[in-house]
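Colleague: Here you go, one structure.
The values are calculated or read from the model by the stated rules, or taken from the named source; none is laboratory data. Everything numeric in this text was worked out from a predicted model, so none of it was measured. Virtual Cβ from ideal backbone geometry, glycine too; neighbours counted across all protein chains shown. Ligands, DNA and RNA are stripped out before the accessible areas are found, and what is left, the full protein with its side chains, is counted by its heavy atoms. Shrake-Rupley method; radii C 1.70, N 1.55, O 1.52, S 1.80 Å.
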Amino acid sequence: EKMPKSIMLLPSMKPDELKKFYLKQGLIVCPSIFETFGNVPMEAACLGIPVLVNEHMGCAEILKKVGLSNMVISFDDIGKVADRVEKLCDQEILPKQLNALKKLLDTNFVSKEIKSVLDEVANKFNFGKVIPFKPKEIAHLCVNKVADDAYGQGMVTCAIYTLNNLTMSEKDMHI
């Protein structure tokens, strides 16, 4: 099938190119039915670009925590989505919200949160404290110990993904 002319397929971008791309957008829409987190909307939002994400995306929780609930919606009703897109286009993210968002996405804060979850898993499976390890080491240690536990496995998978797959650096997001 041919792609409609109104849709433009973009090549992979380096972080500086990606930042320039985001800054040219009025709104980033992510209708994913399921995504454990969602780096694209978080990277854009950290640059002050409004986003609209499906309520089932992991980053929806973060947007709600920083007072950006209007950027989270169910994509079941396309009419409501269209109305919300119209309201959000070129809306500014307030400095207070932007600072709160960047704080929640700061790698030191995220590392502490991941470590807390992984310590909880470690305690649940009685394999001791993992305090001496860095978060990436903790994640790899835990994944070997909790292979049969879906909850632990999911949390560790998210931790490993988060630690290994951030597209933009903190510097690029001005964190």
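Colleague: Identify, please: which residue in the stretch 26-64 is of a type in the set (G, A, S) and closer than 19 Å to C89 by Cβ and is, among those, surrounded by the fewest Cβ atoms within 10 Å (Cβ to Cβ)? Quick ask: steps written out before the conclusion?
Modeller: First pass over the stretch 26-64, keeping only residues of a type in the set (G, A, S): 26, 32, 38, 44-45, 48, 58, 60.
Checking the rest, the ones that are also closer than 19 Å to C89 by Cβ come to 26, 44-45, 48.
Values: G26: 11, A44: 25, A45: 28, G48: 16.
The residue in question is G26.
Residues checked against (1) within 21 Å of L18 (Cβ to Cβ); (2) under 16 Å from the mean Cα position of the chain (by Cα):
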{"residue": "G38", "(1), (2)": "yes, yes"}
{"residue": "A45", "(1), (2)": "yes, yes"}
{"residue": "N54", "(1), (2)": "no, yes"}
{"residue": "A60", "(1), (2)": "no, yes"}
{"residue": "S74", "(1), (2)": "no, no"}
{"residue": "G79", "(1), (2)": "no, no"}
{"residue": "L88", "(1), (2)": "yes, no"}
{"residue": "I93", "(1), (2)": "yes, no"}
{"residue": "Q97", "(1), (2)": "no, yes"}
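Colleague: Also: Would you please name the residue that is farthest from L52 (Cα to Cα), looking only at residues in the stretch 77-117 that are of a type in the set (A, V, I, L, M, F, W, C) and open to solvent by 50 Å² or more (accessible area, probe 1.4 Å)? Explain how you work it out, then say what you get.
Modeller: From the stretch 77-117, those of a type in the set (A, V, I, L, M, F, W, C) are 78, 81-82, 85, 88-89, 93-94, 98, 100-101, 104-105, 109-110, 114, 117; that's our starting set.
Retained after the next criterion (residues that are open to solvent by 50 Å² or more (accessible area, probe 1.4 Å)): 78, 82, 89, 94, 109.
Details: I78: 13, A82: 11, C89: 10, L94: 16, F109: 24 Å.
Among those residues, the one meeting the criterion is F109.
Colleague: Say whether the condition of being modelled with pLDDT under 95 and farther than 25 Å from T107 by Cα is met by at least one residue in the stretch 33-48.
Modeller: Yes, the stretch 33-48 has at least one match.
Colleague: Considering only residues that are surrounded by 10 or more Cβ atoms within 10 Å (Cβ to Cβ), of a type in the set (A, V, I, L, M, F, W, C) and over 21 Å from V85 (Cα atoms), which ones fall in the stretch 4-25?
Modeller: Matches in the stretch 4-25: M13, L18.
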